[in-house]
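A short write-up of the structure that comes next.
The values are calculated or read from the model by the stated rules, or taken from the named source; none is laboratory data. Computed from a predicted structure; not experimentally measured. All Cβ positions, glycine included, derive from the backbone under ideal geometry; neighbour counts span all protein chains shown.
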Amino acid sequence: MRLTFITISIFLFFSACSQKIYDEPLVPEFASSDYVPLSINARKLIIIQNWKMPGEEPFYEHLISPNPSSILTDWAGNTLLPTGSSGEVTLDIRKASIVIKEIYQADTIKGQFTDNQLNKIEVELAGQIMWLQPVTGQTGFLDARAISSTTVPESSTALEFEVAVQETILSALGGFDGKLRLEIESLNGMILR
């Protein structure tokens, strides 16, 4: 009996030593330093929130903190810098949604032993920039829309799910930023160099 107890203890000790220790993943955060500021030829920046969160499935942005609308507002405030002496630039946020859907799982024996994808996270950002420069009579209307999506496996923890949501939001913001930059730079007189 004693020999059995010692043998089992040794096996448990070595199996515990061989277990991997996983670091908790860090939840990515919006950092304004990741986006180069644009000097806009305008005196002020106006941000209009035209997206109203539905507050029901499959929309989940009302449960996510920070939500895409807040991140888009922070992005605009730190990236679209009004440095002109007249005029205004307006960001109209048309959509800033997070849709989370369950992925249909086939009911098979093999499926019971695999780590299937359980949820699909989709973030959509859409907005319009209106630029008015009354001194020179220049105007500009720019539209941008970006969608990013990812899937999350069944085995993911709540923290891993949150990491996936925030990564998807930041990925959509990167696409939105890139599209607007291309349009802003192509509009003559909007950027002060």
*Across the stretch 129-150, what is the total count of residues that are more than 10 Å from the chain's Cα centre (by Cα), exposed (fewer than 15 other Cβ atoms within 10 Å of the Cβ) and polar (S, T, N, Q)?*
2
*Which one of THR151, THR157, THR168 is of a type in the set (Ser, Thr, Tyr), in contact with a strand residue (DSSP E or B) (Cβ under 6 Å, 6 or more places away or on another chain) and over 25 Å from ARG94 (Cβ atoms)?*
THR151
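Is it the case that the stretch 124-134 has a residue that's among the β-branched types (Val, Ile, Thr), in a strand (DSSP E or B) and either at pLDDT below 90 or more than 14 Å from PRO25 (Cα to Cα) (or both)? Even if it seems obvious, please write down each step before you answer.
Residues of the stretch 124-134 among the β-branched types (Val, Ile, Thr): 129.
If we keep only those that are in a strand (DSSP E or B) too, we end up with 129.
From what's left, either at pLDDT below 90 or more than 14 Å from PRO25 (Cα to Cα) (or both): 129.
Yes, some residue in the stretch 124-134 is among the β-branched types (Val, Ile, Thr), in a strand (DSSP E or B) and either at pLDDT below 90 or more than 14 Å from PRO25 (Cα to Cα) (or both).
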*Of all residues in the stretch 71-100, how many are buried (at least 21 other Cβ atoms within 10 Å of the Cβ) and among the hydroxyl-bearing types (Ser, Thr, Tyr)?*
1
*Among (1) at pLDDT below 90; (2) crowded, with 16+ Cβ neighbours inside 10 Å; (3) in contact with a helix residue (DSSP H, G or I) (Cβ under 9 Å, 6 or more places away or on another chain), where does PRO153 come up short?*
(2)
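Looking only at the stretch 75-90, which residues are among the aliphatic types (A, V, I, L, M) and over 17 Å from GLN138 (Cα atoms)?
Going residue by residue through the stretch 75-90, those that are among the aliphatic types (A, V, I, L, M) are 76, 80-81, 89.
ALA76, LEU80, LEU81 - these are the residues of the stretch 75-90 that are among the aliphatic types (A, V, I, L, M) and over 17 Å from GLN138 (Cα atoms).
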_Residues that are among the small types (Gly, Ala, Ser) and within 12 Å of the chain's Cα centre (by Cα), drawn from the stretch 56-91_ = SER65, SER69, SER70
